[in-house]
Structures are given as C-alpha cells and as structure tokens.
Amino acid sequence: MSYEFNPESAVFEFPNPYKVENLSLIVSATFMILGGIFTMLTVRERLGHGLDRHAVLVAAIAILLLLFGIGLLGWAFSQLRYFFGRNRPASLAPLLANDSDGSSATATQLKETLRQNAVTWREPSGALNGLLYSWLPHLIFAPQKIQDAAQKQFHTFLSLSATLLSFLICWFLFGRGEASGWIGLIYAAFAAPQILPKLRHPARNTNEAAQSGAKNLIVLVVMALLGPAILALLASHLPSLGQLSINGALALALVCALIGCWAFGIALKNQLQPSPQAVGSARVMETLTMNAHPNKLIEELDRILMTRWYSRIPNRRYARQSPNVVGQQGRFTADIFEETQPRPQPNRTATGVGHALATPQFRWIAVLSGLASFYLFLGTVAAVLLARDILAGEAISTTATFALSQLAVGMFCGEAAHMLWGRFDFVSELIWVDLNGSFESAHVKLGNQISGNIQTTKNVINIEEMTMRVWVSEIDTVIFGKDDWRQLIGMRGLQDTADELATALKAFGETRSMVVAPTSAADLERAQQIGALHQLAGGAATREGETAHIANLLTSKLGAATMEDKAESKTDDSGSSGSSGTPKSLFCTGCGGGLDANMRFCSACGKAVAQ
C-alpha cells in the first residue's frame, strides 16, 4: 500500500516490494516458533521434577528460538503495509521555502552536473576493487549502495574462500592429531566476524573498506601458507580437547556462506545496467531584449512551471535567485532550479513469488531469500536436535556448531537479500533557468506634453541582449528503503521541453509594454464618461459665446442707426434740403455691413436681411 496522492491517478500506488521477503520471513519464523514450542514442551516435564543444568539449558534454547522467531515475525509484519507519503522519496538537495531566495552546496553540484552534461561516479580504489570492476565493468554505473555492497561481498567471498582453503589444508595435515579440535576453533573465530556483520548499513568509506579487505586477504593467505607449520610447532604445547571437534560443521558453514555470496553476486549482476547512451541534458541559449523588470520573467516562469506540475504536486525548489536591479545601470543575475515530483518507474517491483522467479531481475534475489529460509530452517532443526542431545547427555559440539552456523549464515543471506528487495527506481525532471545581463533605467513620457489632455510617464528598465539559458533533463534516481537517501544514476536531455520553455519566456519578454494606459473595462468606461462630459461642457460654452457676440453687435449697430435717424429728423425739421423719397441706409445684423433698402441678402456675409 502507499499514500494516494491524487484520486484521479493511481500512479503513486506503490506495490509492496517486500512480498517475497515477507513470505520467507514468515515461513522461517513459523518453523522457529514451532521448534521453540516443541522444545519447551519436551523439557516441561523435566522442569517439573526440579531444576538441573541440562533442563535449564534446554529451556534457554527454547526461549531463544521463540524470541528469534517472534523477531523475524515482527520484521515481516512491519513490512506488510508499505506507505509512501508525499514527502518521499527524499529530495536531492535541501528544499527552499516558497518565494524565498537561496541555494545549497548540493544544489550547486546538481547544476554543475547539468552544465557538464554527465553524471559523476566515484572511482574505486584498491587492488581487490580493480579485480572486481574488471569482472563487472558495468558496476561503475550502479548506485553507490550497490557498489558498496558488491565490494563488501566480494571481499567477504575472497576471505571466506581463503579461510576455507587454509582450513582444509590444516585439517588434512593435522586432522588426526591433538590439534584437530583447535583447528576448528581457531578458524571459526576468524570466520565468524566475516559472516555476522550486517549489510544493511555498509561502510560509506569505500577506500577504508578496500584497504580492510586487502589486509584480511593478506592475513588469510599467510595463514593458509604458514598455518600448518605453526600448528605443527604448537601442537605438542596445546591442551587436549578430547572429543571436541567442530571441523565438519565449520566446513559446511563456510560452504553455505560461499553459496550465499555466489547467489548475491548473480542477483547483483542482474541489477546492473549498461553505460548511458543518451545525452545527459538539453540546453537552449537565447538573447532577449525587453523593457521591463527582469523579475517579470521569473514570475512568468513560475506560472509556466506550475502548469507542468506532475499530478498537481508542486515542484521541489532547490535554488532561486531574484534579480537585483539597483541604480541607473548595472549587471544582474537570476536563476531558478526545480525538480518535478519523482514518480516510480513501472515494472521495477516484484509482485509475488511467481513474478519474481519469472523475471531475471528478481529471480536470484528470490533464490537468495529462499537460501536464507532454508539455512534458518536447518538451524532450527539443529537447535531442536541439540536440545534432545543435551537431555540425553550426548556430545553436542558438532550439533551446536551446526545450529549456530546455519542460523548465522541464514541471517547473512537474509540481510543481503533485504537490501536488494528494498530498491525503488524513480524518474523526474530537473529544470534550471539562468538569466544574465545588464540594465539601464530611463524615464519615458508619452502624449502631447503641451496641449494634450492626457499624458503618461513611466520609469522603464531597458535590457539589451540579455543571455537566457535553459537546461532540462529527465533523471533516474534510486533509493534502498523509503527513508533512505536518493542517488542520481542517469539523465537524458529533453530538448523539446527546453525549446518550448525558452520560446515561451522569450515571447513573454519581448511583448512587455512600456506605456502606462488604462486596461480594465471599468477604466475605459469611466474615461468615456469623462470625455462625454467634457464635450458637452465645451459645446455649451461655445454656443453661449456666439450668442453674446451677436447680441453685442446688434446692440452697437442698433444704437448707431438710432442716432442717424434722430439726425435725419432734425434735418427735416430744420428745412434742410433733401427729398423725402430717398431710401434709408440699413445694416446687416450679422456682420454690421451697410445694406440698401432693396437688398435681400448681405453682400458681405450672405445672411438674409430682415425687413
């Protein structure tokens, strides 16, 4: 089971990767618990008659089997349901909060990986690793955890092989002498640390591991050559151990451990992939000229990336730098670096025993888990027989050694298989946009600045030939356990996506306007209303001025005409010469020009003359 990210999509419903391992653990735990119960029932009657050391020892064996079985059962039950939350897998670099600037050393390293167009792999060191990587050349392209486990298992395989060879030589030469019992004890003490260490957390320092493996191998070679001679010298001085001998059980345990190492090697080889064949990252470089703040591009980039969120899950932001534009001119840099939500790669998890055995990738991991269950079963049977031999008073050295060694080898194989079962492969995209350029500030005025009714001014940031780089890469990452660190193991350039992103940003920047004008519908409606009121007020004022001008002209002309009439009347009254039939002089009411009595239109302005 897993946490369901989106009810519209089932892509994040992870199958349980530990189904085969859980079956192996449950079967082994069941045998151990049954063996412990059977042993306890065997010794219960004897404990009722009184405590003796044989009964107490058998009861301790039964309790240990029960505890061991319950522990394995708890291990399996903790993996029955596999939840995978939104915050998993782990990010490749520290995350940034929303709308905040910052970066980290890991983010810078990832940027450099995109810039260099290649994934960096740690170079192995040491003679033993040189031998290993010559046999498995593609191991260098495996996840680091696989490489660490492969190196450790290879060193263990060589050490156990040398131990078995040296042991067989000593046993063949001194197996019938007084030192026979000591041979098994000495070699068991040397072989036990090679089998018991857990592989769940292998050493991160591969150089130290390589040096340690080389030293162990040198010691084992020396023991194989000089061991028989040393035992020949010390045989007469060593105390006799009587019938105590664990040689046969130890030899069988070493063979079983080597078989486990061999199965792990084949399973690991099936996990390897060939060297990358695709271009690591896609890069697009554009030059852009715009009259706007460069942060507008970052804002538009945020909007574009939001439309590309996978399954509506926000991208993981690793670095962001906003442009710093201060002063009249200068340089600026800006970038944003994000990863889309990692999504699981299909067909990378075994859905059951049948699927695991039919798939080469999982077949030998299933065999390794089967070997672990088989060895644990043999150890359980040997522990039950050991309890019987203790109660019967028989020799227990061989049975005890066989039981302990089989249990140890079973856990050794189980730990190795657990690491391989817990592998998860993901795919996602890394997107990096980098801006670099220079700016100049300007103050722009538009409109008639003398007689115009509307003018607009704006402080403009002018950017000429800014460099814009876009990197986009589809990456493969892997984890071993849902809470483990995630490693980049492959990348492929997405040229179409990079071109599309660069084209959209360039088009957005080149279409930025440097004019301030109303853009909303409300602004345009109010501007129209103001224009209508202005036109109405201007027209009324014009008509009022024309009426006043006409009235003034009429007043002045009528006043002049009245004075002339009075003068003529006085002349007539005084008996001055003049015919009473002479026509009177008239004036145009429009322009004030003189008119004859018989004129119907003014010769100056063409207006009709009122009689």
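What follows is calculated from the coordinates using simple rules that are stated; it is not laboratory data. Note that this is a predicted model, so its numbers are computed, not measured. Neighbour counts are summed over all protein chains in view; Cβ atoms, including those assigned to glycine, are modelled from backbone coordinates with ideal geometry.
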Where labels lie 7 Å past Cα in the beta-carbon direction, separation of residue 438 and residue 53 in nm: 9.3 nm
Within-15-Å neighbourhood charge of residue 118 [Cβ basis; K, R +1; D, E -1]: +1
Entries in 111/269; 19/269; 19/482; 19/152 that, when Cα-Cα distance is taken, lie over 20 Å: 111/269; 19/269; 19/152
Extended-chain gain in nm, criterion 0.36 nm per residue less alpha-carbon gap, residue 165 and residue 331: 52.6 nm
Ranking of 140, 396 by count of other Cβ atoms within 10 Å, fewest first: 140, 396
Calculated from backbone phi, Karplus (6.51, -1.76, 1.60) coupling profile of segment 160-168 in Hz, x at Gly/Pro: 5, 5, 5, 5, 5, 5, 5, 5, 5
Order of 284, 478, 353 under a 10 Å beta carbon neighbour criterion, fewest first: 353, 284, 478
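Show me the chymotrypsin sites (Phe, Trp or Tyr not before Pro) within segment 470-509 that DSSP assigns to loop and that have at most 16 other Cβ atoms within 10 Å of their Cβ.
Working: sites: 471, 480, 485, 508; in loops: 485.
Here the sparse-neighbourhood loop sites are 485.
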Pairwise centroid distance, computed over Cα atoms, of segment 253-314 with segment 104-150, Å: 15 Å
Residue 385-residue 289 pseudo-label distance in nm [points 7 Å out on the Cα-to-Cβ vector]: 9.1 nm
Estimated FRET transfer efficiency when R0 is 22 angstrom, pair residue 363-residue 122 (beta carbons, to 0.05): 0.15
Order of 155, 54 - criterion: other Cβ atoms within 10 Å of each residue's Cβ, fewest first: 54, 155
With 10 Å bins from 0: P(r) over segment 11-162, alpha-carbon pairs, percent: 9, 17, 19, 24, 16, 9, 5, 1
Simple spin-label estimate for residue 348 and residue 427 in nanometres, 7 Å along Cα-Cβ: 0.9 nm
